[in-house]
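A short write-up of the structure that comes next.
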Amino acid sequence: MAGGVTKSKHFFSAVHETKWLNGLGRKGYRLWAVNGRKYAFSVEEGKSFNYTMEWQDCAIDSPESRERVLEKASLGEPVCAQRSLWLYFVSEHPGSMSKKALKKNRAHYRNPFLFFLILALICAGLAVYHIKSVPFLESEGLTITIPTFKGNENPILDLLLRLVYGLWLVAYNYFLLFGHFLGNTLATAVVSVLTPLFLVFLTLAAVWGTEWARWLRMKPSEPESDEDMDVVPEEETGGPPEEGVPENVFAGPEDENDPSEDIPRTEAETAEPEPEAGIAETEGESESWKSQNTQS
């Protein structure tokens with residue numbers, strides 16, 4: 001180890017951050033801590049490191065996150081740093097990413113994109129609705145005029161009123177930009193407020209959507225596990241039977257035509273066993289005893 005280095009850089013895109021880290025990793029920079037936009041490295045000469053970033057949709061100390069850390073460590077990619085719910089993994093071989101981890105990274109950018117896009121569409125819809133109501137408000141004479149400023153004898157209150165009036169003039173001049181096309185109505189004032197909100201929400205949706213599109217173009221590089229493929233492990237199903245071994249080696253023949261009955265047998269095997277001598281004498285004595293009792 002040649003020493004430690006700290007670099008400061010701000011990223012919004014995790015894709016660009018990973019590329020920057022991999023560029024430093026090829027020079028022997030091994031990341032060991034991230035604090036805000038400060039990155040701490042240890043420089044190891046003659047080595048090259050690769051980095052991957054994964055977003056955790058649960059607490060870092062949760063069983064799911066711990067299981068993921070152990071899984072990556074078994075692949076030779078231990079966790080080297082953490083920032084918020086982002087985990088940084090380092091390895092000396094090309095980094096990998098599972099299908100499930102890629103889905104989490106995509107969802108991290110997809111959900112804000114959809115949220116800001118919906119807000120932008122709501123603002124646009126309200127603006128269109130008020131623009132259509134401008135002719136009706138003009139016909140009713142509901143227009144906005146700038147009030148005249150009247151000073152106050154109290155110098156402090158007079159200063160406050162002048163500040164408020166100055167802000168009102170700024171807002172009114174901004175309002176006149178829309179009033180030039182739509183007329184000085186209350187609907188025009190609402191449109192003048194909704195327009196910048198629409199632009200802000202649309203810009204945020206474009207930023208988050210661009211990053212989401214970058215992750216959509218990526219493909220998983222880690223071998224899929226049974227959980228990713230939705231396959232039940234063989235331990236739960238019993239697994240397939242081994243080749244050359246019947247499913248039940250102890251089961252008898254299912255039909256009556258047992259091939260073992262066709263085997264020829266000798267006369268000694270087919271003959272019935274003779275009763276023993278002791279048993280025969282006992283049976284003869286019992287019959288004579290019964291006859292004597294009958295005669296008496």
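The values are calculated or read from the model by the stated rules, or taken from the named source; none is laboratory data. Keep in mind that what you see is a predicted model, and the values were worked out from it rather than measured. Virtual Cβ from ideal backbone geometry, glycine too; neighbours counted across all protein chains shown.
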Identity of the residue in the range 29-53, of a type in the set (Gly, Ala, Ser) and at pLDDT below 90, that ends up nearest to His93 (Cα to Cα): Gly46
Please go through the range 82-118 and pick out each residue that is among the polar types (S, T, N, Q) and within 19 Å of Arg37 (Cα to Cα). Gln82, Ser84
May I ask you to list the residues in the range 1-39 that are surrounded by 15 or more Cβ atoms within 10 Å (Cβ to Cβ) and more than 25 Å from the chain's Cα centre (by Cα)? Leu24, Gly25, Gly28, Tyr29, Arg30, Tyr39
Among (1) outside any helix (DSSP H, G or I); (2) on the phi < 0 side of the Ramachandran plot; (3) modelled with pLDDT under 85, where does Gly141 come up short? (2)
Looking at Leu75 and the list (1) within 11 Å of Met53 (Cα to Cα); (2) modelled with pLDDT under 90; (3) surrounded by fewer than 20 Cβ atoms within 10 Å (Cβ to Cβ), which single condition is not satisfied? (1)
Would you check which residues across the range 5-28 are in contact with a helix residue (DSSP H, G or I) (Cβ under 8 Å, 6 or more places away or on another chain) and either farther than 21 Å from Met97 by Cβ or not assigned by TED's automatic domain parsing to the domain that holds Arg83 (or both) and list them? Lys7, Lys9
Quick one: which of Trp86, Trp55 is buried (at least 17 other Cβ atoms within 10 Å of the Cβ), touching a His at 6+ places or on another chain (Cβ under 7 Å) and assigned by TED's automatic domain parsing to the domain that holds Ala40? Trp55
Given the conditions (1) surrounded by fewer than 16 Cβ atoms within 10 Å (Cβ to Cβ); (2) of a type in the set (Ser, Thr, Tyr); (3) farther than 30 Å from Val190 by Cβ, and given that Tyr129 satisfies all but one, which numbered condition is not satisfied? (3)
Please find, among Thr203, Thr237, the residue that is among the polar types (S, T, N, Q) and modelled with pLDDT of 65 or more. Thr203
